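For reference, the structure is listed below as structure tokens.
Where a number appears in this text, it was derived from the coordinates with a stated rule and is not lab data. Quick caveat, the model's predicted, so the values are computed rather than measured. Note that each Cβ is placed from the backbone with ideal geometry, even for glycine, and that neighbours are counted across all protein chains shown.
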Amino acid sequence: MKQDGHIDWNLLVRGMDGVLSGEEKELFEEWMADPEHRKYYERMVAEWNGDAVHETNMPRVLSKLDVMLRERRRQRRLVLRRRWLGWSAAAVLLIGIGGMFMIPDRQPEVTDTPVAEIIPGESKAILMLADGTSVHLDKTTDTSRLAIGVAEIARNEGKVTFADDEGAGEEAYNTVIIPKGGEYHVVLSDKSEIWLNADSKLQFPVNFRGGERRVILSGEAYFKVAHDAKHPFVVETDLGNVRVYGTEFNVKRYADEKEIKTTLVDGSVGFCKKDDRENYIKIKPGYQVSYENGGDAVVRKVKIDNEIAWKGKQFRFERCPLDEIMNDVMRWYDVDITFGDEALKKLYFTGTLNRYAKIESLLRFFEAGCDIRFEIKGRSIIVMRK
């Protein structure tokens, strides 16, 4: 809601998406009636989209907004709170989690000596068919639609759809590999849909035959499984399996991370450890089962939007350590990130960020949250104390 010149950040984001309700639209238009608010909003949209806007009077706008921010801070001391308990404290970044959007007191600096432009990820993959055919799926594909055997590629949609191949043997497998900086949408022959995140690999049979539909995953994927009670769907990983009958869920299992996480959005799934294929732990929608090799499986309630934000074009995190966030950033932007001080890895952040923003814009938000800075050298980034 708008209060004394302030407006809810979520309302601004919904305005950019064009999904305001009638009441929200009135509040939005009232706030935008102020020329300085409009200029600020245009700057925010440009920053969000990674574009540059030159405004000669922007310092005056920022100054006024800074005054409003200070007044708001006096009224609500808990709008933005940063507490340090050694280096274990939480640095809270209020960007879109029901808070007010705020301008930092100073513009943080990102040391940038680029060799190649760092851009967000995009739809790209490598398709390896069972017959040995290999195809790179990206913007350079010659045609918007391409049929290779039983695979139909919709380049503009970032999607590949498979049909049954009656001539293939039971052991024939296709593979879709997503490099760092990529994502892709796969539709299997049974009409199940899979969205693959960066640095992931999916193997699946050309034809689903027998009692179950089994695929092999490394990395992260969101599944929307076609219902077939007679042929359960199984996702196999190196740490364990996820068994489903027709549902939506997310599986995250990267080789450089210790655990596998399965988050259920709708339906019902069960998880079993690799060394215990008979005992499945069932979870309900809104819950996540996580397992680290050698330990016990842990079931907990989670905020689904946080766990599947990547599919909705966002980074979303709540009290998440910086090193975990940077792991996702590394995969999506295809960069290397190291820490100049190991203690910085355990700074905790809460926030929502645009997954398609320029990396410099994304890093500024973290710098505004606490006393850290990022040094960019080519495709390498170092996290340092200010």
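Taking a sphere under 13 Å around the Cβ of Val235 and counting the other residues whose Cβ falls inside, with K and R at +1 and D and E at -1, yields a net charge of +4.
Can you compute the FRET efficiency between Ala226 and Asn327 using 1/(1 + (r/R0)^6), with r the Cβ-Cβ distance and R0 = 41 Å? Round to the nearest 0.05. List each step's numbers first, then the result.
Numbers: r = 31 Å, r/R0 = 0.77.
That pair, Ala226 with Asn327, gives E of 0.85.
Spin-label model, Ser268 to Ile382: label points 7 Å out along the Cα-to-beta-carbon direction sit 5.5 nm apart. Full extension of the chain segment joining Tyr287 with His136 gains 50.7 nm, where the gain is 0.36 nm per residue of separation less the Cα-Cα distance. Between Glu23 and Asp296, the simple label model (points 7 Å from Cα in the Cβ direction) yields a spacing of 4.6 nm. 3J(HN,Hα) along the range 262-279: 10, 10, 9, 9, 8, x, 8, 9, x, 10, 10, 5, 4, 9, 8, 6, 9, 9 Hz, from the Karplus curve 6.51 cos²θ - 1.76 cosθ + 1.60 with θ = phi - 60°, whole Hz, x for Gly and Pro. One decimal place: the segment Glu236-Asp164 gains 23.8 nm when fully extended, by the rule 0.36 nm per residue minus the C-alpha distance.
For the range 305-386, lysine pairs separated by 8 or more sequence positions, or belonging to different chains, with Cα-Cα distances below 19 Å total 6. In this Cβ point-charge picture (+1 for Lys and Arg, -1 for Asp and Glu), the range 190-258 has a dipole of about 240 debye about its Cα centre.
Amide H contacts of Phe233: Arg213, Val244, Tyr245, each under 5 Å away and 5 or more positions distant or on a separate chain (H built 1.01 Å from N in the peptide plane; Pro and chain starts excluded). Taking 0.36 nm per residue of sequence separation and removing the Cα-Cα distance, the Asp371/Lys303 pair yields an extension gain of 21.6 nm.
Here the peptides 291-297, 249-255, 219-225 are ranked by packing, the mean other Cβ count within 10 Å, and the order with the highest first is 219-225, 249-255, 291-297.
Less than 19 Å from a label point 7 Å out along the Cα-to-Cβ axis of Lys313: which backbone N atoms in the range 222-236 qualify, by residue? From the range 222-236, the list is 222.
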